[in-house]
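Chemist: Handing you a structure now.
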Amino acid sequence: MDTAMRLTVYGQGAGEAAGLARERVLELEALLSVTDESSDVCAANRNGGGVLHADTAALLERALALCGETGGALDVSIYPVVRAWGFTTGAYRVPEEAELAALLERVDYTRISLEGTVLTLPEGMELDLGAVAKGWTGDRLMELLRREGITSAIVELGGNVQALGSKPDGSPWRVAVQAPDGSGYAGALEITDCAAVTSGGYQRYFEQDGETYCHIIDPADGRPARSGLASVTVVAEEGAAADALSTALFVLGRERGEALWRERGGFECVFIGEDGSVAVTQGLEGRFSLYGAWEGRTLEIVRK
């Protein structure tokens with residue numbers, strides 16, 4: 001999953017539960033990594049499908065549903081394009097338009113066939129579940145910890161934070177939202193029993209000829225998303241949905257992202273614009289506060 005992770009678990013049996021959670025993360029990493037040649041996902045990409053492990057199939061099924069819910073702003077078949085830009089290999093470059101056009105012909109999640117655990121991919125199509133995998137993993141960890149009798153825990157998987165219950169003293173967890181301009185934290189969120197996931201152009205990028213290219217690719221044109229947003233944080237009960245939606249809203253931009261929020265429901269979000277503007281949807285009013293150097297800015301509330 002290409003990120004640092006921290007599991008913090010409280011209560012009786014916390015140490016054992018945290019150990020089991022760590023094992024579960026490594027188990028899923030071995031199945032889902034798009035760069036590990038022995039993973040389930042790599043085998044499927046290499047063979048044009050095949051019989052998947054139950055966990056891989058369950059994640060892919062949920063991911064395909066989320067692709068549909070976002071109107072294709074999230075597309076798990078984008079991997080050949082992401083690789084062409086060098087974001088999975090480190091060999092960064094700007095592909096030619098003709099190359100992108102040819103690669104985009106392989107990108108279309110609606111052509112993926114999944115029947116139970118049997119996957120069939122069209123010729124040349126390859127999957128990357130990275131935009132959903134950490135959130136889905138967070139959901140599985142919450143299930144595991146609950147089975148172990150844990151009622152208070154917080155899991156940090158890179159830009160994904162998922163909370164089980166509240167802090168041991170009953171107060172909400174406070175989650176920092178990073179400032180895209182590198183000035184520390186832009187704000188803090190209060191969450192209980194839900195996930196908070198941030199996607200931003202500042203997290204992974206490269207520069208060439210004075211231009212900056214971020215790792216979040218717009219499936220519509222195969223180029224790094226430029227929607228006017230510097231970052232999006234999504235808060236939702238389901239980690240997989242929060243993960244997928246943070247990516248999709250970053251691609252869509254604020255106006256279309258607000259439209260999706262109003263239409264779909266079930267999540268709240270923080271929009272930070274490239275112009276330094278900050279807006280939160282109404283469900284986060286009173287739960288999000290500006291922080292540090294950002295405290296003097298205007299916080300807009302987006303209402304339905």
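Chemist: Kindly establish whether Ala43 is open to solvent by less than 30 Å² (accessible area, probe 1.4 Å) and farther than 27 Å from Ile112 by Cα. Let's see the steps before the verdict.
Modeler: Numbers: open to solvent by less than 30 Å² (accessible area, probe 1.4 Å): yes; farther than 27 Å from Ile112 by Cα: no.
Taking the combined requirement at face value, the residue does not satisfy it.
Chemist: Considering only residues that are within 14 Å of the chain's Cα centre (by Cα), open to solvent by 10 Å² or more (accessible area, probe 1.4 Å) and within 26 Å of Val302 (Cα to Cα), which ones fall in segment 200-215? Full working, then the answer.
Modeler: Going residue by residue through segment 200-215, those that are within 14 Å of the chain's Cα centre (by Cα) are 200-201, 203-204, 215.
The next check asks that each one be open to solvent by 10 Å² or more (accessible area, probe 1.4 Å); those that pass are 201, 203-204, 215.
If the condition is that a residue be within 14 Å of the chain's Cα centre (by Cα), open to solvent by 10 Å² or more (accessible area, probe 1.4 Å) and within 26 Å of Val302 (Cα to Cα), then Gly201, Gln203 are the ones that fit.
Chemist: Condition first: of a type in the set (Gly, Ala, Ser), open to solvent by less than 10 Å² (accessible area, probe 1.4 Å) and touching a strand residue (DSSP E or B) at 6+ places or on another chain (Cβ under 8 Å). Can you find one or more residues in segment 137-148 that meet it? Give the steps one after another, and end with the answer.
Modeler: The first filter runs over segment 137-148 and keeps only residues of a type in the set (Gly, Ala, Ser), leaving 138.
Checking which are open to solvent by less than 10 Å² (accessible area, probe 1.4 Å) leaves us with 138.
Subset that is touching a strand residue (DSSP E or B) at 6+ places or on another chain (Cβ under 8 Å): 138.
So far as segment 137-148 goes, yes, one or more of its residues are of a type in the set (Gly, Ala, Ser), open to solvent by less than 10 Å² (accessible area, probe 1.4 Å) and touching a strand residue (DSSP E or B) at 6+ places or on another chain (Cβ under 8 Å).
Chemist: Out of everything in segment 174-199 that is without any contact (Cβ under 8 Å) to a residue 24 or more places away in the chain and open to solvent by 20 Å² or more (accessible area, probe 1.4 Å), what residue ends up being nearest to Asp243 (Cα to Cα)? Reasoning before the result, please.
Modeler: Start the filter on segment 174-199 by keeping residues that are without any contact (Cβ under 8 Å) to a residue 24 or more places away in the chain, which leaves 174-175, 182.
Among the residues that remain, those that are also open to solvent by 20 Å² or more (accessible area, probe 1.4 Å) are: 174, 182.
Details: Arg174: 19, Gly182: 22 Å.
So, considering only residues that are without any contact (Cβ under 8 Å) to a residue 24 or more places away in the chain and open to solvent by 20 Å² or more (accessible area, probe 1.4 Å), the one nearest to Asp243 (Cα to Cα) is Arg174.
Chemist: From the list Glu23, Glu16, pick out the single residue that is open to solvent by 30 Å² or more (accessible area, probe 1.4 Å), farther than 20 Å from Asn160 by Cβ and at pLDDT 95 or above.
Modeler: Working: Glu23 fails: farther than 20 Å from Asn160 by Cβ.
The conditions single out Glu16.
Chemist: Okay, moving on. Condition first: surrounded by fewer than 13 Cβ atoms within 10 Å (Cβ to Cβ) and free of Cβ contacts under 8 Å to residues at least 24 places away in the same chain. Now tell me which residues in segment 260-289 satisfy that.
Modeler: Scanning segment 260-289 gives Glu263, Gly265, Gln282, Gly286.
Chemist: If a residue must be open to solvent by 10 Å² or more (accessible area, probe 1.4 Å) and over 10 Å from the mean Cα position of the chain (by Cα), how many such residues does segment 236-250 contain?
Modeler: 2
Chemist: Please pick out the residue among Gly90, Gly116 that is open to solvent by 40 Å² or more (accessible area, probe 1.4 Å) and at pLDDT 95 or above. Break it down into steps so the answer makes sense when it comes.
Modeler: On the way: Gly90 fails: at pLDDT 95 or above.
When all the criteria are applied, what remains is Gly116.
Chemist: Where the second residue is open to solvent by 70 Å² or more (accessible area, probe 1.4 Å) and part of a helix (DSSP H, G or I) and the first is without any contact (Cβ under 8 Å) to a residue 24 or more places away in the chain and lies in segment 35-57, which pairs have Cβ atoms under 9 Å and are six or more apart or on separate chains?
Modeler: From segment 35-57, the pairs are Glu37/Arg46.
Chemist: Among the residues of segment 59-86, how many are free of Cβ contacts under 8 Å to residues at least 60 places away in the same chain, open to solvent by 10 Å² or more (accessible area, probe 1.4 Å) and in contact with a Phe, Trp or Tyr (Cβ under 7 Å, 6 or more places away or on another chain)?
Modeler: Going through segment 59-86 one residue at a time, the tally reaches 1.
Chemist: While we're looking at this one, here's another question. Among (1) touching a residue at least 24 places away in the same chain (Cβ under 8 Å); (2) among the aromatic types (Phe, Trp, Tyr); (3) touching a Phe, Trp or Tyr at 6+ places or on another chain (Cβ under 8 Å), which single condition is Tyr205 missing?
Modeler: (1)
Chemist: Out of curiosity, is Ala153 buried (at least 20 other Cβ atoms within 10 Å of the Cβ), touching a Leu at 6+ places or on another chain (Cβ under 6 Å), within 20 Å of Ala220 (Cβ to Cβ) and in contact (Cβ under 8 Å) with a residue 24 or more places away in the chain?
Modeler: Working: buried (at least 20 other Cβ atoms within 10 Å of the Cβ): yes; touching a Leu at 6+ places or on another chain (Cβ under 6 Å): yes; within 20 Å of Ala220 (Cβ to Cβ): no; in contact (Cβ under 8 Å) with a residue 24 or more places away in the chain: yes.
So Ala153 fails the test.
Chemist: Follow-up question, since we're still on this one. Only one of Leu164, Leu129, Leu229 is surrounded by 15 or more Cβ atoms within 10 Å (Cβ to Cβ), more than 22 Å from Arg93 (Cβ to Cβ), free of Cβ contacts under 8 Å to residues at least 60 places away in the same chain and within 16 Å of the chain's Cα centre (by Cα); which? Steps first, answer last, please.
Modeler: On the way: Leu164 fails: within 16 Å of the chain's Cα centre (by Cα); Leu129 fails: free of Cβ contacts under 8 Å to residues at least 60 places away in the same chain.
None of the other options fit; the residue is Leu229.
The values are calculated or read from the model by the stated rules, or taken from the named source; none is laboratory data. No experiment lies behind these values; they were computed from the predicted model shown. So basically every Cβ, Gly included, is an ideal-geometry build from the backbone, and we count neighbours across all protein chains shown. For the accessible areas, the whole protein counts, side chains as well, though only heavy atoms, and no ligand, DNA or RNA atoms are used. Shrake-Rupley method; radii C 1.70, N 1.55, O 1.52, S 1.80 Å.
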